[in-house]
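Presented below is the structure to which this report refers.
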Amino acid sequence: MESTEEPEALPPPPPEIPPNVVPVQLTTDSVPEETKKISKPKRSPIARHGVGSRGQKIQLLSNHFKVSISNTGGHFFHYCVSLSYEDGRPIDAKGIGRRLIDKVHETYGSDLAGKDFAYDGEKSLFTIGALPRNKMEFTVLLDSFSSNRNSGNGSPVGNGSPNETDKKRMRRAFQSKTFKVEMSFAAKIPMQAIAAALRGQESENSQEALRVLDIILRQHAAKQGCLLVRQSFFHNDPKNYVDLGGGVLGCRGFHSSFRTSQDGSTTTIIQPGPLIDFLITNQNVSNPFQIDWAKAKRTLKNLRIRVSPTNQEYRITGLSENTCKEQMFSLKSRASDGNDVESVDITVYDYFVNHRGIDLRYSGDLPCINVGKPKRPTYIPVEVMKSNNYAAEPLLRSCGITISSQFTQVQGRVLTAPKLKAGNGEDVIPRNGRWNFNHKKFFEPSKIENWAVVNFSARCDVRGLVRDLIRFGEMKGILISDPVDVVEENGQFRRAPPLVRVEKMFEQIQKAFPNAPPRFLVCLLPDRKNSDIYGPWKRKNLAEYGIFNQCLAPTRVNEQYILNVLLKINAKLGGLNSLLAMEQSRNIPFVSKVPTIIFGMDVSHGSPGQSDMPSIAAVVSSRNWPLLSRYRASVRSQSPKVEMVDSLFTLTPDKKDDSGIVRELLLDYYRSSGQTKPAQIIIFRDGVSESQFNQVLNIELDQIIEACKFLDESWSPKFTVIVAQKNHHTKFFQDGSPDNVPPGTVIDTAICHPQSYDFYMCAHAGMIGTTRPTHYHVLLDEIGFSADDLQELIHSLSYVYQRSTTAISVVAPVRYAHLAATQISQFLKCDDMSETSSSHGGLTSAGQTPVPELPELHRNVCSSMFFC
């Protein structure tokens, strides 16, 4: 705002200024926008102001291991590493760096004063104490060299032999055997900074200090023959993998990173040691023959590995149906004439014992690990794995750093599940994170009229499905009239492109509804997953016609299936299946009495191979305050792989209006909540790492505040900002029990940060393997929640997810944001994405390639829970 005060008198000009020059007084209006933003005080994540006390206490184990340091007097020296060929060309091959540094250490040990290295495999190297000179150059001769870079053209060939592309690459690689290695001093990191970082005391060197420790762990794993995948290690012993007819065998790995904690420090590591030992500990049994293999299968499934020589990533897909001694596979080999391929059936046990010469002591009577595909499995015995030994790492010993081999004991608290309300005011009491609607109706059932079924050649009993929807819908309070029509796809278009099939289907729909579009459509798809009709169909309904719709790919239709479908339909059409009892009675602390809006924010990116696919930013917001169970979404496209939401506040070209996400959601809240502006805004942000916390506070939050001020300059709501992280490796186990931790378990001591405000919560009942908690970080809390009240609110928000009758692992607004981003991203897969589509897009970060714009949702559905 401009000042109304009289400007100060200008001082007389200096003598050297010509008399006809008038000095210009600098005002805030003339300061560049960039300068204004730089001058703003930067926000930082707040410190913890207490821990919770509510709930039943429970003793747990965590896969964190205590770290201690005794030597704090020395320094780590950081050196930049440059690798090149003999002629000066830089090396772009992956995996060669460690071999070159090892060769330098082996050949020039005396010139290096006997220093041990911690090398990250790329450009950074650390030593304890300084090298003799600030810049050192070495010439290294390798006897053989080939790149570990994968050709990326499919699966490896049987028996470990390279394909033609690999052979060409290897021939090129062998043309050069002499390399240059240059080390240049970059920085000095005191050991004291490591000790302080482990205590959670921030300093200018704290993050770099923890990075050094991570690099030491990675190098130790590499020395043991491990394959390194980011922070995960996989033992690369030839005994641990073999190609059985086209699949490369993987082996169990573990993740490691140093993290500060309240009891000193821990390093997050999946328990080191043999796979079988991990399962024994996990299930609290005494020997391998007591393991529950059904549970073990769920625990191990989807563990990712990367193997050489292809450096291609694989994952554990399951276990064999039979034991190692009974599981058969076809072993292919060359015939004696060298031409024909012979195939012989053999057990996995016989293959490893007789063909690979590996002594299997006990795994012959246990299932095998499967790292192949369902129709082409690849098996290895569970016994073939190696232990990890950190005590042998010389750099850790030199630092005086020791890592405990015991799981960290932590005390958790199990919060009581919130009571829910169903139809007619009936109470619903969740048990073990679940509830049901047996003999109950939905809290606020919708009404379905003017609707139809469309069938894209799916094979199912359509009439029977309609009867079940109507019958079970009535039981839950939803009045469903008979459909106007069942529109079957014209057979001649079944093999047409998806867009054509959708267009032709809508031509048929218009004939059935000549006056106005239907309100609701049930769409039967032929494919359960990845149907190419889905994106064009959703876009046609939601953007062009404003038709509520539910896609189904029915296979087994039973009462539970129909109930799950009705939950989604009711939410989409504006109904409520259940809500919190204290939501209805307005007894939620800080939220029920003061107008409050809740945001859930997420950004969905294209798959790793889709570098040009725009990212999709979605923000959902609560509406109809004081309810917390009803939401709507606003979605925008933005530059590929950009994590920060860049359209929260977006001025129009004439600077007179804001077309951003936040304005849209705030106006909807105002209209749906009795012309009330929120005095409090709670933001749940998904998908960001610790390194991006400051950007959330100083970029995204700034945009949200600007959007508020643009609506009303005098409006200053209070903010609470919370990050929800699922992509971590922390797990919890019940001490002395094979069961998962109970739903509602919260941990905010011991392994949590000593200063920062974070906690772990397992709100859901873990049905598949070991429960993965959500790691919540409170970055800002102007509202002033107590630890107990905030944890209770977050726990309760895991029970308002309208798509299921179970508590979910993260707060519902975050899950809804992810669903909205994922569904709308399907719009971009339509071939006819026009350049003139309305709504919001822009340029990529490079400022050249336009980001495809998303079409606006039709006014009939834009405020709905279309994403359910």
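Okay, here's what the table says:
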quantity: Val814 being over 28 Å from Asp532 (Cβ atoms), in contact with a Gly (Cβ under 7 Å, 6 or more places away or on another chain) and touching a residue at least 12 places away in the same chain (Cβ under 8 Å); calculated: yes
quantity: From Lys42, Lys37, residue being modelled with pLDDT under 95 and not in a loop (DSSP other than H, G, I, E, B); calculated: Lys37
quantity: Selected residue [open to solvent by less than 60 Å² (accessible area, probe 1.4 Å) and either free of Cβ contacts under 8 Å to residues at least 40 places away in the same chain or more than 23 Å from the chain's Cα centre (by Cα) (or both)] from Gln692, Gln680, Gln638; calculated: Gln680
quantity: So Thr555, is it more than 25 Å from Ser639 (Cα to Cα), open to solvent by 60 Å² or more (accessible area, probe 1.4 Å) and over 26 Å from the mean Cα position of the chain (by Cα); calculated: yes
quantity: Some residue of the range 792-804 being modelled with pLDDT of 95 or more, open to solvent by 10 Å² or more (accessible area, probe 1.4 Å) and over 29 Å from Leu580 (Cβ atoms); calculated: no
quantity: Residue match in the range 58-67 (condition: more than 30 Å from Leu141 (Cα to Cα), in a strand (DSSP E or B) and aromatic (Phe, Trp, Tyr)); calculated: yes
quantity: Which listed residue is of a type in the set (A, V, I, L, M) and farther than 24 Å from Ile683 by Cα, from Leu580, Leu552; calculated: Leu552
quantity: Residue check, Asp365 at pLDDT 85 or above and either on the phi > 0 side of the Ramachandran plot or open to solvent by 20 Å² or more (accessible area, probe 1.4 Å) (or both); calculated: yes
quantity: Sole exception among (1) closer than 16 Å to Ser184 by Cβ; (2) open to solvent by less than 20 Å² (accessible area, probe 1.4 Å); (3) under 33 Å from the mean Cα position of the chain (by Cα) for Asn63, by number; calculated: (1)
quantity: Sole residue being surrounded by 14 or more Cβ atoms within 10 Å (Cβ to Cβ), over 20 Å from Ile569 (Cβ atoms) and at pLDDT 95 or above, chosen from Arg519, Arg413; calculated: Arg413
quantity: Residue check for Leu579: in contact (Cβ under 8 Å) with a residue 60 or more places away in the chain, open to solvent by less than 50 Å² (accessible area, probe 1.4 Å) and over 26 Å from His858 (Cβ atoms); calculated: yes
quantity: Residues within the range 500-511 that are more than 23 Å from Ser825 (Cβ to Cβ) and either in contact with a Phe, Trp or Tyr (Cβ under 8 Å, 6 or more places away or on another chain) or open to solvent by 30 Å² or more (accessible area, probe 1.4 Å) (or both), tallied; calculated: 5
quantity: Residue pairs meeting the criteria (Cβ under 8 Å; at least 6 apart or on separate chains; first closer than 27 Å to Pro190 by Cα, in the range 130-143; second small (Gly, Ala, Ser)); calculated: Leu131/Ala113; Pro132/Ala113; Asn134/Ser184; Lys135/Ser184
quantity: Count - residues of the range 722-738 that are under 30 Å from Ser647 (Cα atoms) and either in contact with a helix residue (DSSP H, G or I) (Cβ under 6 Å, 6 or more places away or on another chain) or open to solvent by 40 Å² or more (accessible area, probe 1.4 Å) (or both); calculated: 3
quantity: Given (1) modelled with pLDDT of 95 or more; (2) not in a loop (DSSP other than H, G, I, E, B), number of the condition Gly574 does not satisfy; calculated: (2)
quantity: Asp532, sole failed condition from (1) over 22 Å from Ser457 (Cα atoms); (2) surrounded by fewer than 21 Cβ atoms within 10 Å (Cβ to Cβ); calculated: (1)
quantity: Selection count where residues are polar (S, T, N, Q) and modelled with pLDDT under 95, scope the range 695-729; calculated: 1
quantity: Residues (open to solvent by less than 40 Å² (accessible area, probe 1.4 Å) and either within 32 Å of the chain's Cα centre (by Cα) or closer than 28 Å to Thr745 by Cβ (or both)) located in the range 432-449; calculated: Gly433, Trp435, Phe437
quantity: Options Asp461, Asp485, Asp427: the member that is under 30 Å from Arg501 (Cα atoms), out of contact with any Asp or Glu (no Cβ under 9 Å at 6 or more places or on another chain), touching a residue at least 12 places away in the same chain (Cβ under 8 Å) and exposed (fewer than 14 other Cβ atoms within 10 Å of the Cβ); calculated: Asp461
quantity: Strands (runs of 3 or more DSSP E) enclosed by the range 69-174 - at least 1 residues per element that are open to solvent by 70 Å² or more (accessible area, probe 1.4 Å) and modelled with pLDDT of 85 or more; calculated: 135-141
quantity: When residues of the range 825-850 are limited to those that are modelled with pLDDT under 85 and not in a loop (DSSP other than H, G, I, E, B), the one most open to solvent (accessible area, probe 1.4 Å); calculated: Lys829
quantity: Some residue of the range 211-220 being at pLDDT below 70, out of contact with any helix residue (DSSP H, G or I) (no Cβ under 9 Å at 6 or more places or on another chain) and open to solvent by less than 30 Å² (accessible area, probe 1.4 Å); calculated: no
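Per-residue answers, yes or no, for (1) open to solvent by less than 40 Å² (accessible area, probe 1.4 Å); (2) modelled with pLDDT under 70; (3) small (Gly, Ala, Ser); (4) not in a loop (DSSP other than H, G, I, E, B):
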| position | (1), (2), (3), (4) |
| --- | --- |
| Ile276 | yes, no, no, yes |
| Leu279 | yes, no, no, yes |
| Asn282 | yes, yes, no, yes |
| Phe289 | no, no, no, yes |
| Thr299 | yes, no, no, yes |
| Glu313 | no, yes, no, yes |
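The values are calculated or read from the model by the stated rules, or taken from the named source; none is laboratory data. All of these numbers come straight from a predicted model, not from anything done at the bench. Heads up, the Cβs are rebuilt from the backbone with ideal geometry, glycines too, and the neighbour counts pull from every protein chain shown. Please note that ligands, DNA and RNA were not included when accessible areas were found on the heavy atoms of the full protein model with its side chains. Shrake-Rupley method; radii C 1.70, N 1.55, O 1.52, S 1.80 Å.
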